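Visitor: Have a look at this one before I ask anything.
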Amino acid sequence: MSFKDNIRKVTPYVAGEQPKVEGKIIKLNTNENPYPPAPGVRKLMDEMRLSDLRLYPNTFAEPLRKELAARYDLKNENIFVGVGSDDVLAMAFLTFFAGEKPVLFPDITYSFYDVWAELFKIPYKRIPLDEEFKININDYKEPNGGIVIANPNAPTGICEPLSFIEEMLKNNPDSLVIVDEAYIDFGGESAVSLLSKYENLLVVQTFSKSRSMAGLRIGFAMGSTEVISAMDAVKNSYNSYTMNYPSQVLGVEAVRDEAYFKETCEKIIATRERSKKELAALGFTFPDSKTNFIFATHKTMRAEDIAAGLRKKNIFVRHFSKPRIDNYLRISIGTDEEMDTVFAVLKEVIHK
Ligand code: PMP
């Protein structure tokens, strides 16, 4: 027997392409925010003393936890921070899904969930969304070891109301329910308000989309004191200094600028609503999105061919070669100017 037999076999998550094309491109394939982070973040970045980097960062990212606790009306003990919500979600899977019953999540959702389940050897079951890509809540009444719901869901963009999340929690009082709210700030209602009533709830959010800071890798979770301290214990058994110093400092600054946050979210929402009209006029159909992307399929032209046509003009959108969704494109919302270019190129690509 060789050491090679003991190497963990994994099928990794495939991230959206980071194009290597020279010159101007329109990058709408990984749901990044087209606007810069809050002005204070930029200022602090310029001012940051490199000598500060000599020291280890705060292991609990305390200043950032404190700022988030104040913003979401919680206590510091109710906040966990990590290196992007991917890190936070992975820690949550590792912490809470150590049982034998399967963890439940939809068949079409964030494609990292089954990757973590496989990596950590967590039993899981993917429950098909209905024909319209909606979750049927009655499918989540069977015995389970936990539930993971992205709300709004990705890549569909569909957002369930708070009453739906509450019903899910009520139906499953003995399961930890993770609500992944990566896109909640673009028009959905957060489940944070349910935390005071349900101790089996963990709400996960990120700075990568609505706060324009994907490159800094900041994610966080909100939950009961018991739930958060369990996550801290697991994280500190793995790596105590997960979040670097600049991310902690700049993250605080971003949370403080509520006005800028609201302004950029509203700009994206307005561009998204306009994009829905333009795409419909071009023959696309799509579920109603409450995110910073639209998941669209075309009446006559194959998604793959449209993506290839856009690519020739240096416009990148995401196409998933997966069952049920291989005729869809996930188009992130860029600036108004970027979207106008996209619609003009789509006109050429489709009517040729
Ligand atoms: N959850 C969902 C539903 C996502 O689409 C993403 C983005 N890939 C993430 C979590 C992770 O985002 P990040 O690690 O940048 O916070």
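Visitor: Return the pairs, sorted by first residue and then second, in which the second residue is part of a loop (DSSP other than H, G, I, E, B), the first residue lies in region 40-64 and is at positive phi, the beta carbons are less than 6 Å apart, and the residues are 6+ apart or on different chains.
Guide: Correct list of pairs: Ala61/Met243.
Visitor: With the checklist (1) within 17 Å of Phe96 (Cβ to Cβ); (2) of a type in the set (A, V, I, L, M, F, W, C); (3) touching a residue at least 60 places away in the same chain (Cβ under 8 Å) in hand, flag the one item Val177 doesn't pass.
Guide: (3)
Visitor: Filter region 219-234 for residues that are away from the ligand (no atom under 16 Å from the Cβ) and small (Gly, Ala, Ser); which is nearest to Pro161 (Cα to Cα)?
Guide: Gly223
Visitor: Under 8 Å between Cβ atoms, which residue pairs at least 6 apart in sequence (or on different chains) link something in region 75-101 that is among the charged types (D, E, K, R) and within 16 Å of the ligand (Cβ to nearest atom) with a partner that is assigned to a helix (DSSP H, G or I) and modelled with pLDDT of 95 or more?
Guide: Going by the 8 Å Cβ cut-off, there are no qualifying pairs.
Visitor: Here's a check for you: in region 140-163, which residue that is over 26 Å from Phe186 (Cα atoms) and surrounded by fewer than 16 Cβ atoms within 10 Å (Cβ to Cβ) is farthest from the ligand (Cβ to nearest atom)?
Guide: The selected residue is Pro143.
Visitor: Against the definition (more than 16 Å from the ligand (Cβ to nearest atom) and farther than 30 Å from Arg272 by Cα), how does Glu166 come out, yes or no?
Guide: In short, no.
Visitor: Say whether the condition of being farther than 29 Å from Tyr328 by Cα and either in contact with a Phe, Trp or Tyr (Cβ under 6 Å, 6 or more places away or on another chain) or within 12 Å of the ligand (Cβ to nearest atom) (or both) is met by at least one residue in region 122-139.
Guide: yes
Visitor: Can I ask one more? Run down Ser247, Ser237, Ser275, Ser321 and say which single residue is in a loop (DSSP other than H, G, I, E, B) and either touching a residue at least 24 places away in the same chain (Cβ under 8 Å) or within 22 Å of the chain's Cα centre (by Cα) (or both).
Guide: So the residue among Ser247, Ser237, Ser275, Ser321 that is in a loop (DSSP other than H, G, I, E, B) and either touching a residue at least 24 places away in the same chain (Cβ under 8 Å) or within 22 Å of the chain's Cα centre (by Cα) (or both) is Ser321.
Visitor: Which ones in region 116-134 are part of a loop (DSSP other than H, G, I, E, B) and aliphatic (A, V, I, L, M)?
Guide: Listed by number, the residues that qualify are Ile122, Leu129.
One line per residue, one yes/no per condition, for (1) more than 27 Å from Asp180 (Cα to Cα); (2) among the aliphatic types (A, V, I, L, M):
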site: Ile7; (1), (2): yes, yes
site: Ala15; (1), (2): no, yes
site: Lys24; (1), (2): yes, no
site: Arg42; (1), (2): yes, no
site: Glu47; (1), (2): yes, no
site: Leu64; (1), (2): no, yes
site: Phe80; (1), (2): no, no
site: Ser85; (1), (2): no, no
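Visitor: A further question on this structure: Restricting to region 179-218, count the residues that are over 26 Å from Arg42 (Cβ atoms), more than 10 Å from the ligand (Cβ to nearest atom) and not polar (S, T, N, Q).
Guide: 14
Visitor: A further question on this structure: With Phe207, Phe220 as the choices, which residue is closer than 15 Å to Ala92 by Cβ, at pLDDT 95 or above and assigned by TED's automatic domain parsing to the domain that holds Glu166?
Guide: Going through Phe207, Phe220 in turn, just one is closer than 15 Å to Ala92 by Cβ, at pLDDT 95 or above and assigned by TED's automatic domain parsing to the domain that holds Glu166: Phe220.
Visitor: Those residues that are assigned to a helix (DSSP H, G or I) and buried (at least 24 other Cβ atoms within 10 Å of the Cβ), I need them from region 74-90; list them, please.
Guide: Ser85, Val88, Leu89
The values are calculated or read from the model by the stated rules, or taken from the named source; none is laboratory data. Just so you know, these numbers come straight off a predicted model, no measurement behind them. Quick reminder, even Gly has a Cβ in these numbers, built from the backbone with ideal geometry, and neighbours come from all protein chains shown.
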